Each structure stands twice: as C-alpha cells, then as structure tokens.
Amino acid sequence: MPLEMFDRTVAHYLRVPFMLSQAAIPVMRERGAGWILNLGSVTALAPVRPYQEFDRSGGATAYAAAKAAINRFTEGLAAELQADNIAVNSVAPSTAIRTPGSERFIPDGYPVEPVEYLVETALALCSVPARQRTGCIAHSLHFPLDSGLEVLGLDGVSKLPPPVVPPWAHPGLLRSDLLGG
C-alpha cells in the first residue's frame, strides 16, 4: 500500500470521525445530551488462523487497524462524555453487507446479511441515555439477537426474523461483550 493511500485511509476512517465528534460535542453539551455513533468493522478483530484468502491478499490491514482504533476511540470518548449524557457507541456489520461500492470486495455468491439488522442496531444505540448504554461496540446480527431487539424492514412495518449468526461470522465476536455499559 502506498503511503498516500495509507494516509487517506487513516484520515477517512479515524481523523474524520474525530473531527465530526469535535464539532458536535459542544452542541450536544449545550443541549444536555446526545449520541455519537461510529461505524466499525469486524475487520478490527484479529484475523482468524489459518489465515483466509481475504487476509492474505493484502490491502485490508491499514483499514482494519483504523477500525480497531475507532473502537478504542469510541470506548475512550464514551468514558469522557458519559457525565455529559452523551453516549458514544460503534456499530459494525457482523459479516458482510452488499452496498454500493462494496461489490469489488464481496465475491459473487458470498452470503451477505440484510442491512436492516445494522439499521435497527444503530437506532437502538442512539435511543437511550448515556447512563444506560455507552461505549458499546455492537455488531449487526449479534446485538439484536442478544438484546431481543425486534428488527423491522426498511418500510418500518414488516418484521424480519430474529437474526441467525452464520458459521462464517468471526469467532471473536463474543456474545458476552456485545451489550455495552
């Protein structure tokens, strides 16, 4: 990876969330509450051994390191802002979600999860005061399953079945760590 691409990766996935938080925190403090939700990635977890093709092919290491840093940033900022009633959490897909732009990274035929699970998890993380939930690193299939969260379709009416964590999900996603403080 060229240094220029590394710098863009770190800027996009770590510097920008820092700058957005820096801009939003004074407004949230003035209002007496708020939510910051960072976008994480399962790649923040250490690669599974034996290494899979995705991990051996290169290119994801800097991205994964930035996402690991976002998790730590989330947890640290949550501690700093809890007394201000500002919750800071992170949400990430449990596996893969096909979105515009992701096609080049997700092979044809690779099983993906519906985006609705990510959407409901994000909403749940931004719906209770910081004293109830902050510093949570949540994943889109695991969080609804562990918290009994009902997941609605994007139409806001139809109900999706409870999520099933597929066997190819990262084994480092321990259920006991998912609900946050």
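The values are calculated or read from the model by the stated rules, or taken from the named source; none is laboratory data. Bear in mind that the values here come from a model prediction, so they are computed numbers and not experimental data. Every residue, glycine as well, gets a Cβ built from its backbone with ideal geometry; the counts of neighbours run over all protein chains shown.
Points worth noting:
- Residue pairs meeting the criteria (Cβ under 9 Å; at least 6 apart or on separate chains; first within 20 Å of G40 (Cβ to Cβ) and aliphatic (A, V, I, L, M), in the range 4-27; second modelled with pLDDT under 95 and surrounded by 12 or more Cβ atoms within 10 Å (Cβ to Cβ)): V10/A62
- Looking across the range 111-146 at every residue that is under 17 Å from the mean Cα position of the chain (by Cα) and surrounded by fewer than 16 Cβ atoms within 10 Å (Cβ to Cβ), the one that is nearest to T43 (Cα to Cα) is identified as V112.
- Any hit, the range 80-100, residues being touching a Leu at 6+ places or on another chain (Cβ under 8 Å), more than 17 Å from T43 (Cβ to Cβ) and small (G, A, S): yes
- Residue check, T74 free of Cβ contacts under 8 Å to residues at least 40 places away in the same chain, surrounded by 18 or more Cβ atoms within 10 Å (Cβ to Cβ), under 18 Å from I137 (Cα atoms) and among the β-branched types (V, I, T): no
- Residue in the range 38-48 that is in a strand (DSSP E or B) and closer than 28 Å to P2 by Cβ present: yes
- Criterion (closer than 26 Å to C126 by Cβ, touching a strand residue (DSSP E or B) at 6+ places or on another chain (Cβ under 6 Å), assigned to a helix (DSSP H, G or I) and not hydroxyl-bearing (S, T, Y)) met by exactly one of A64, A78: A78
- Meets criteria (polar (S, T, N, Q), in contact with a strand residue (DSSP E or B) (Cβ under 6 Å, 6 or more places away or on another chain) and in a loop (DSSP other than H, G, I, E, B)) for S94: yes
- Candidate set: the range 161-181, residues that are surrounded by fewer than 13 Cβ atoms within 10 Å (Cβ to Cβ) and among the small types (G, A, S); chosen: the one modelled with the lowest pLDDT: S176
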